[in-house]
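The values are calculated or read from the model by the stated rules, or taken from the named source; none is laboratory data. The shown structure was predicted, so the numbers you read here are calculated from the model rather than taken from an experiment. Backbone-built Cβ (ideal geometry, glycine too); neighbour counts: all protein chains shown.
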Amino acid sequence: MNFQRFTDYLLLEKNYSVLTVKAYYNDLNTFLRFVENEYESNSINQVNYGQIRSWIVSLVESKLTNRSINRKVSALNTYYKFLLKVGDIELNPLSKHRALKTHKKIQVPFSEEEVVTVLDDLSITNDFETIRDKFIIELFYSTGIRRIELVELRLSSLDLHAKTLKVLGKRNKERVIPLLTTVVKTANVYLAKRDQLDNILMDEQLFLTKKGARIYETLVYRIINDYFGKASSKVKKSPHILRHSFATHLLNQGANLNAVKELLGHSSLAATQVYTHNSIAELKKVHIKAHPRSKK
């Protein structure tokens, strides 16, 4: 079955990223294989909800998390909405489907002290990889960008004179984030080290390996996990936790929620509000400490 029209629609009209479209394509193929094996059909355009429900049951039995199952069903639902839009079907079989219940994961941010400890440790040596890693961590913590956004940064994304960073986010939405003076200083040191590499294979890319190739997502995750593994006892240590720390620390210092939303590149305020639980905890401490009735 050919999903080309659908993937073109996601890329060109909805401005989904290539990675997201690939994930949707894989999910549709997973369902198509299920329909072929269980119902001897090579089309998913004519299935009913009962057949989809049996697929969901098979995913549950395969020990996939409810969150992963919901994502796969969401991809299928988006496909059926597209078919409705172009007139290929008259009824979406998932129109009354309710997502499986999931437990909300509370992400515990790094403390300011943990971030400072890591950055201080990175200030001891001055080789290319250490400076690069310090720049990566400073960018994550001072801008809140996503891991894929950092990987895809180009030299042209940086404007050190204006102290800004241009980021291409989800659905190709561009945003400009201000840079701290300390980050600009680290950027200048990194760029000087980058220019001294023996061989640069990807000249336009901002972040490179020491062999001059484009940096990749797994390496970025490993960098964050390794450095913060020495400074933090938290279970999860990832680029997303640094993004979470960025938002939480800004809100703790009184930043406006809408401003944080714009910096993070969220399309809705609801997505940003997940970071407020830590801010509320901080406010409770201040409230108890400062309110005259708390001493009663």
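For the structure I just gave you, tell me whether R147 is crowded, with 19+ Cβ neighbours inside 10 Å, under 27 Å from L250 (Cα atoms) and among the charged types (D, E, K, R). It is true that R147 is crowded, with 19+ Cβ neighbours inside 10 Å, under 27 Å from L250 (Cα atoms) and among the charged types (D, E, K, R).
For the structure I just gave you, tell me whether S95 is of a type in the set (S, T, Y), closer than 30 Å to I52 by Cβ and either not in a loop (DSSP other than H, G, I, E, B) or not assigned by TED's automatic domain parsing to the domain that holds A231 (or both).
Numbers: of a type in the set (S, T, Y): yes; closer than 30 Å to I52 by Cβ: yes; either not in a loop (DSSP other than H, G, I, E, B) or not assigned by TED's automatic domain parsing to the domain that holds A231 (or both): yes.
Judged against the criteria, S95 is a match.
Considering each residue of region 25-45 in turn, none proves to be within 29 Å of E174 (Cα to Cα), among the hydroxyl-bearing types (S, T, Y) and under 19 Å from the mean Cα position of the chain (by Cα).
Just to confirm my filter: which helices (runs of 4 or more DSSP H) fall fully inside region 131-250 and include at least 1 residues that are on the phi > 0 side of the Ramachandran plot and more than 19 Å from the chain's Cα centre (by Cα)? Spell out how you get there, then give the answer.
Numbers: elements: 147-151, 181-195, 217-231.
Where helices (runs of 4 or more DSSP H) fall fully within region 131-250, none carries at least 1 residues being on the phi > 0 side of the Ramachandran plot and more than 19 Å from the chain's Cα centre (by Cα).
Filtering region 197-237 to residues that are among the polar types (S, T, N, Q) and more than 21 Å from L168 (Cβ to Cβ) leaves N199, T209, N225, S232, S233.
The set of residues in region 219-266 that are over 23 Å from T209 (Cβ atoms), basic (K, R) and free of Cβ contacts under 8 Å to residues at least 24 places away in the same chain contains only K261.
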